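The values are calculated or read from the model by the stated rules, or taken from the named source; none is laboratory data. In this text the structure is predicted, and so the values were computed from the model without any measurement. In this analysis, Cβ positions are derived from the backbone assuming ideal geometry, glycine residues included, and neighbour counts consider all displayed protein chains.
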Amino acid sequence: MEVSIRLNGNNQTFECEVHDTLLTLLRREGMASVRFGSTSGETGAAAILIDGKLASSDVVLAAQADEHEVTTLESLNTERGLHPLQDAFTATGAMQSGYSVGAMILGTLALLAHDPDPSEADIRDMLSGILDRETAYVKPVAAIRRAAALMRGDDVEAFEPLMLEPMTDGVNAVEVTEDDPPPNAPPAVPRVVTSPDVPEMEVVGRPEVKVDAVRLVKGNPAFTADFEMRDLLHAKVLRSPHAHARIVSIDDSAARSLPGVHAVIHHGNTARVKYASGGQSYPNPKPHDQVSFDDVVRHVGDRVAAVAAETPEIAAEACRLIEVTYEILPAVFDELETRLDGAPIIHPEEDTIDIVDREHNVVHRMHAHRGDVEVALNNADHVYEQTFRVHQVQQCPIEPHISVAWLDSDERLVVRTATQVPFHTRRMLAPLIDMEVKDIRVIKPRIGGGFGAKQEMLIEDIAAHLAIATHRPVQLELTREEEFFASRTRHPQTITYRTGVDSDGTLVAQDMTLVGNTGPYGAHGLTVQIVTGLRGLTSYNCDNKQFNCDVVYTNIPVPGAYRGYGAPQALFALESHMEDIADDLGIDPIGFRRQNWVKVGDEMNIAPHLGEGGASDEELDEYPVVESNGIEECVAQGMRAISWHRRSDPDWRAPADRPHIRRGLGFAFCMHGTAIPFLDMGGASIKLNDDGSFNLLVGATDLGTGADTVLAQIAAEVLGVRLEDIIIYSSDTDMTPFDTGAYASSTTYISGTAVQKASRVVATRLRERAAMLLGVDAPESIQLRDRSAWTPDGRSVTLEEVALDSLHINEQEQIMGTASHVSPDSPPPFAAQFVETEVDIQTGQVTVISMVMAVDCGVTINPITASGQVEGGMLQALGYAHCEEIVLDDDGKMVNPAFGPYRIYTADEMPHTEVFLVQTMEATGPFGAKAVAEIPKDGVAPALRNAIANATGTRIYDLPFTPERVHRALNNV
Amino acid sequence: MPRATSYHRPTTIEGAVTLLAAQDHMALAGGTILNADDDPTPVAMVDLQGLGLTDMESGADRIRLGAMVTLDNLKSDDRVPDSVRDAARAELPSTLRTLATVGGTVAVGDPDSVLLAALLVHAAEVHVAGPDGTGGAPLANVLRSNGPCHGHLITAVSLTTGGTTVCESVGRTPADTPIVSATGRYLDGVTTVALTGVASTPVLIDPGDPTSGLEPLGDFRGSADYRLHLASVLTDRILASLKDAS
C-alpha cells in the first residue's frame, strides 16, 4: 500500500506493507535515530513526533500515519553543528550509550513547544515513556532544564562539578550532626571531594564532553542495526516451549518450502562442537556444556532451530512451520532441590566433561579458607547465622542483542555485533563455524547498553552459520521477550553466613556457604560464584575465613555476567548480616563496620584464594594490601547528605500525620575490585597525524560507559593536547589491538594504563624530534603542553610542526607507539551507600525517597561520566532491590517478559539521587584512577533492607522488597 | 509484530460498523494494544481515526468524551474532572498516552485500569453504534459484558462531573500499575468506590463491605488474599479521606 507522510517537513509518499509499523518504515527510509527496543512501545527508543506529539512508532502502523506529520531527530540536523537541544544534552552528559537519547531530545522539542519553562514534574512525565537503563534520568532532567533555558535565550553556565573540601583527614572518622548542611546543588552536578594527594591536571579530571556525543545526539548511524547492507537476510530462532525435553524429531520441510526462506539450521545439520558461551579469556572455564544446536533443550527459550529469510515476518512464519516432536523430561528450578537425590540430571551426556557431581547437578564445588573457622566460632563470644536468598533479574539493555554476519570479498567472515568482548567472540566463534581465527573479523560499533549481558558469545554463531549457509548477510536481532528469557540474567543464590564476634565487636570468624544457580549452562557460573565469595569475605578484617560453594545446574533461563558479577548478591547478604549483628550487639551499625573494615595497609587475606580460575587453599608468600581507601570521607559526605541524624529521631521515623507510615535510613559499606589481576589485558596504539592530532586505537569496548572519552583524556594528558586532538577508534579485531573487553571494572585501569604507556612512547619520540628542531641536547627536559613542545627556557615548536617535519621533511618516520598492560593488582574502590525509605506498615509498600552514594574511585578521570556511571548503577541496583524479578511458572516459563510486568524504574518515579566522588590517589592506576563501573550496583539492596529494618524493626532475608513480600515479613507470615 | 492483513480507514460510523461486522475485522483505536499483540492470527484493521470522534463536550454536570479522545488530551483538558485527568496520566507513559484512546481503554477493560476506575465512580455511560442503531449503557455493565458486542463501535463515553474524589493505590513502585487501587467519589451524600486488581475488570463495590463477592485471581504481584487485604485497607483510607473532605 501507499502512505503519504509529511516527514521532517517534506511531503513524501512511501510504499509499505499493511503490517509494517511506522518504525519499520522510518528505519527503511534511513531514519537511524528511531531505534528498536521492543514491539510494545514500552521502551520509547522508537519514539517520534506524530503531529507534534511524542509517540512510540513501534505500535503505530505505517498506514495509521498516512496524512500525518511525522518528525524524527534528523529534522534537527540541518547544520554540521548541534541544535541547542542537542547541545544541552551534550554539555550535561545526559547520555551514556545514547541509544534512546534521540527520543529524549524529540520529547524535549515537543515539551518546550507547549511550555518554555516546564516544571521538573512535567519533564519527568515527558520522560516517563522513554526507558533509560543508564543515566537514572538525573542528567537528562538537567539537560532539559538547560535546553529550556537555551531556547528561551537565557544565559547558562558551564556544567561543571561542585568541588568540595574534604570533611575528614582521610583516616579518622568525624562526627556529622544536623548542624552540618549538605551541599546545595542540583542532583545532576557531581560532587567532587578534593584531595591534597591529587594534583590538578589539564585534561584528566575535567568534565569533558563525550567524544561520541555528536553522533549520538544527532542520531547518526552508530549502532549495529544502523548500517545498511545490500541483500540482507533476517534471522529468527525457534525456541523451546519446554524447560527440559529431548528433541525426538524435527521436520523442517514446510519451513524450507516457504517462499523467501534461504536456510534452516538445527541440530540435524550443524556440527556438534562443544563450547562455553561466557565471554572470558582463554582457556574458557569448563565445562564446555553447549553446542550451537542440541538435541536436548534445557530451559524454556533454549535454541531449537534458526531460519534466515528475506524478511523477519517470513523467518518468523518459517519457525512456526518447523514441526518438532519433544519427549518432555522432568525439570528442576531451585538451586537447593536440584542437588537432591532423584532430581532430574541436566547434563547426562558423555561429551560434557568436568562436572563435579553429575548425578546431583553440581557443576563446580569450591572451598577456600584462612585460619580455622570452626575453632574460632567455638571460641567466639557471639555466633550469628543467617541465610539469604537472592533472585533472578535481567540486565535489560534497551538495545537487544543484535549481530550481522557476512562473508566479505575475500570470503572472510565479518560480524558486526553488539558485544562487550569482540576479541573473545572471534576466538570462541572460530571452532563453531570451522574457520580459523584469522578468517574472522569482529566489529563492535556503539552498543546500546550491555551490563554484562553482552559479555557473551550469545548469538554470533547463529548469524555466522546462516551467513555461511546462504552467502548473504544475515541479521539476527532478539525480541524483547527473547532478551528476557533467552539471553542472560543474574545468578540466583542461597547464601548462609556464620559469623563469630567477640564482645568488643571484633570479627573473629566468617564462614560463607553459597549455592549458586547457573541454570542449564555453566557460562559464567564458576567465576560469578567465586566473585561472590571474594566480595563477601574481603570487606572486613578477620583471621579466620571460610568459603564453601556449590554451583548447580537447573532449568531456569541462563544466568551469566551482570554488572557487579556476584558482588551485589554477596553484599546484600553481608551488609544485611553485619547490620543485624550490630543491632543485636547494641553497637552503632557504622561504628561496628568501621571497627572491622579493611584500611590502608591491611592485607586482603583470602582474595588470592578466590581467583578467576576457582578457589584454592595454597598458602602464599605475599598477600595483596589495600593501598588507598577513602571510605571515611565517603561515610562523612554521605551521612551529611542523607541527614543521618534523623535515623534515631522517633518523630521523624513515625510521622504523626501519617499513622501507617514508618521512615528509615539504611547504610551499606561497599568494596569492589578493579579488574582481574594477572588476567585482564588491554592494548593501545597511537599515531601522530600531520596536524598534530593523534589516532588512538584501542580494543577496549565502550558500551556507553564513556570509556572512549576517558581513554582519550588519558592520552591527551600525556601528550599535552586537547581532548579533541585525540581521535579514538574502538574496536575491530582487524584494526585495533587486543583487549579482553568491557567487564570486571577494568577499562579505565587496564586499558587506560595501556593508553598511558603508549602515549608515553609517543611523547618520548615527540620530545626527541622537538629537541632536534629546537637544538636542545636533553629531550627529557622538554615539556608537552598546549599542543606544543616547550624547552625549559620558553622556546617551543608546535606538534603540527613536529608532525610535518617527521612525516615529510627530515629523517621521515611515523611517530607512533603501542603498549599493553596487565596488572598484578586489583585495587579496591570503596563506597558508602545510603538510602532513605518509607514503609506503609498496613500494605507493605516500600517507597524509596533518596539514594546517596559516595564513592572512592581513586582519581576521577571525568567527573561527568563517572557520576553518570554511579547514577545509572544505583538505578539498576534499586530495581534489583525493590521491584525487578524474573518470575517463572511451574513449567519454567517466564510469566513477565515485558517491561510493564517486569518493572524497571521510570523517570517519573525516581527517588532523589546524589553522587559524591571522593578523590584518592591510587598509585597503581593511570593518573591515580581506580574502578567506578560496578560498585554502584553493590549497596542499594542492603542499604534499603537496612532502612526498612530501621523503619519497622523487621528484617527481610530475600529480594525484591515488593509489597506482599514486605507485608508478609511485617506480619511474620 | 502486527498481524494486519488489510487496513481500512472509514470516514463514517456506518461505514465502520459495516466493516466491523465481518468476523476477522477489529477496531484499531490507538494501537497500543492491538499493534503490540504478537498473536499471529490475521486481522483486518479498521482504523477509527477518520470518524472524528475526538470532541469533548461539557455541560453543567456532565462531559461527553469522544471515543477517539486520547489519554493525553484527557490529561490536559481542564474540563475533565481532576480524578479522571490524573488517572489518564497514570494509565500509560508519555509515549503511549498520545496514542491510546478512551474508547480503546473501555473496549479492552483492563482489570488494572485506574482510568476505568475513575470513569466508574463518575457514573460513566458508554455510547455505542451498531448494525441495529445507537445506544448506551453504564460502563459497569459494559465491563461486565467484556466490552461492547461484536460489530458494535464505542462512539463516546459520558460522565458526571463534580463531587470529591480520592484515589489510593499500592504498587511495587510509585508509577507501577497498581496491584490494587481504590478510587472513591463523594457527591450529594453518596459515596461510590471502584477497585482495580480484584476482578476481571475494574468494579464498583459496596463501600460498607468492600470485599463482598470479590474473588480476585492472584499473580506474582499479589496473591488473592493479599489483594483482598488491600481492597479493605485502601477502601478504608479513601472513606476516611472522603469523610474528612466532606
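Selection of segment A:913-942 for residues being touching a Phe, Trp or Tyr at 6+ places or on another chain (Cβ under 6 Å) and in a helix (DSSP H, G or I) yields A:Ala941, A:Pro942. When the residues of segment A:21-40 are narrowed to those that are part of a helix (DSSP H, G or I) and within 14 Å of A:Gly219 (Cβ to Cβ), which ends up nearest to the other protein chains (Cβ to nearest Cβ)? Only one residue fits best here, namely A:Leu23. Screening B:Asp38, B:Asp24 for residues that are modelled with pLDDT under 95, under 23 Å from A:Gly44 (Cβ atoms) and surrounded by fewer than 16 Cβ atoms within 10 Å (Cβ to Cβ) leaves exactly one candidate, B:Asp38.
Checking the structure you have, find out if any residue of segment A:277-294 is within 14 Å of chain B (Cβ to nearest Cβ) and either modelled with pLDDT of 95 or more or not in a loop (DSSP other than H, G, I, E, B) (or both). There is no residue in segment A:277-294 that is within 14 Å of chain B (Cβ to nearest Cβ) and either modelled with pLDDT of 95 or more or not in a loop (DSSP other than H, G, I, E, B) (or both).
Of all residues in segment A:68-89, those being over 17 Å from A:Ala110 (Cα atoms) and either without any contact (Cβ under 8 Å) to a residue 40 or more places away in the chain or within 9 Å of chain B (Cβ to nearest Cβ) (or both) number 4. Taking the numbered list (1) surrounded by fewer than 20 Cβ atoms within 10 Å (Cβ to Cβ); (2) of a type in the set (A, V, I, L, M, F, W, C); (3) touching a residue at least 24 places away in the same chain (Cβ under 8 Å) in turn, A:Ala185 passes all entries but (3). Of all the criteria given as (1) under 30 Å from A:Ser40 (Cβ atoms); (2) aliphatic (A, V, I, L, M); (3) surrounded by fewer than 23 Cβ atoms within 10 Å (Cβ to Cβ); (4) more than 14 Å from chain B (Cβ to nearest Cβ), the one not satisfied by A:Ile956 is (1). Restricting segment A:679-695 to residues that are among the hydrophobic types (A, V, I, L, M, F, W, C) and touching an Asp or Glu at 6+ places or on another chain (Cβ under 9 Å), the residue that is surrounded by the fewest Cβ atoms within 10 Å (Cβ to Cβ) is A:Leu679.
For segment A:45-85, the set of residues classified as in contact with a strand residue (DSSP E or B) (Cβ under 7 Å, 6 or more places away or on another chain) and in a strand (DSSP E or B) consists of A:Ala47, A:Ile48, A:Leu49, A:Ile50, A:Leu54, A:Ala55, A:Ser56, A:Leu61, A:His68, A:Glu69, A:Val70, A:Thr71, listed by residue number.
Could you list, in sequence order, all residues of segment A:324-335 that are loosely packed, with under 14 Cβ neighbours inside 10 Å and touching a Ser or Thr at 6+ places or on another chain (Cβ under 8 Å)?
As a first pass, look at segment A:324-335 and keep what is loosely packed, with under 14 Cβ neighbours inside 10 Å: A:325, A:327-328, A:330.
Answer for segment A:324-335, where residues must be loosely packed, with under 14 Cβ neighbours inside 10 Å and touching a Ser or Thr at 6+ places or on another chain (Cβ under 8 Å): just A:Thr325.
Scanning segment A:91-132 for residues that are away from chain B (no Cβ under 13 Å), more than 21 Å from the chain's Cα centre (by Cα) and polar (S, T, N, Q) yields one hit, A:Ser119. From the list B:Val198, B:Val121, B:Val157, the one residue that fits, being aliphatic (A, V, I, L, M), out of contact with any Pro (no Cβ under 6 Å at 6 or more places or on another chain), closer than 16 Å to B:Asp110 by Cβ and buried (at least 23 other Cβ atoms within 10 Å of the Cβ), is B:Val157.
Taken across segment A:810-829, residues that are farther than 28 Å from A:Thr924 by Cβ and in a helix (DSSP H, G or I) do not occur at all.
Could you list, in sequence order, the residues of segment B:53-77 that are of a type outside the set (Val, Ile, Thr), within 14 Å of chain A (Cβ to nearest Cβ) and free of Cβ contacts under 8 Å to residues at least 24 places away in the same chain? Working first, answer last.
Kept after step one, since they are of a type outside the set (Val, Ile, Thr), are these residues of segment B:53-77: B:53, B:55-62, B:64-68, B:71-77.
Those still in the list that are within 14 Å of chain A (Cβ to nearest Cβ) too: B:68, B:71-77.
Within segment B:53-77, B:Asn73, B:Lys75, B:Ser76, B:Asp77 qualify.
Return yes or no: is A:Glu399 assigned to a loop (DSSP other than H, G, I, E, B) and either in the same structural domain as A:Asp958 (by TED's automatic domain parsing) or crowded, with 20+ Cβ neighbours inside 10 Å (or both)? For A:Glu399, the condition - assigned to a loop (DSSP other than H, G, I, E, B) and either in the same structural domain as A:Asp958 (by TED's automatic domain parsing) or crowded, with 20+ Cβ neighbours inside 10 Å (or both) - is met. When segment B:216-245 is limited to residues that are out of contact with any Leu (no Cβ under 9 Å at 6 or more places or on another chain) and not in a helix (DSSP H, G or I), the one that is farthest from the other protein chains (Cβ to nearest Cβ) turns out to be B:Leu217.
Any idea which of A:Thr177, A:Thr168, A:Thr194, A:Thr135 is surrounded by 20 or more Cβ atoms within 10 Å (Cβ to Cβ) and more than 14 Å from every other protein chain (Cβ to nearest Cβ)? Before the answer, list the steps.
Details: A:Thr177 fails: surrounded by 20 or more Cβ atoms within 10 Å (Cβ to Cβ); A:Thr168 fails: surrounded by 20 or more Cβ atoms within 10 Å (Cβ to Cβ); A:Thr194 fails: surrounded by 20 or more Cβ atoms within 10 Å (Cβ to Cβ).
Among A:Thr177, A:Thr168, A:Thr194, A:Thr135, only A:Thr135 is surrounded by 20 or more Cβ atoms within 10 Å (Cβ to Cβ) and more than 14 Å from every other protein chain (Cβ to nearest Cβ).
For the subset of segment A:202-211 comprising residues that are buried (at least 22 other Cβ atoms within 10 Å of the Cβ) and not β-branched (Val, Ile, Thr), which member is nearest to A:Gly704 (Cα to Cα)? The qualifying residue nearest to A:Gly704 (Cα to Cα) is A:Lys210.
In segment B:88-113, which residues are on the phi < 0 side of the Ramachandran plot and away from chain A (no Cβ under 14 Å)?
Let us first name the residues in segment B:88-113 that are on the phi < 0 side of the Ramachandran plot, namely B:88-108, B:110-113.
Of everything in segment B:88-113, those that are on the phi < 0 side of the Ramachandran plot and away from chain A (no Cβ under 14 Å) turn out to be B:Val102, B:Gly103, B:Thr105, B:Val106, B:Ala107.
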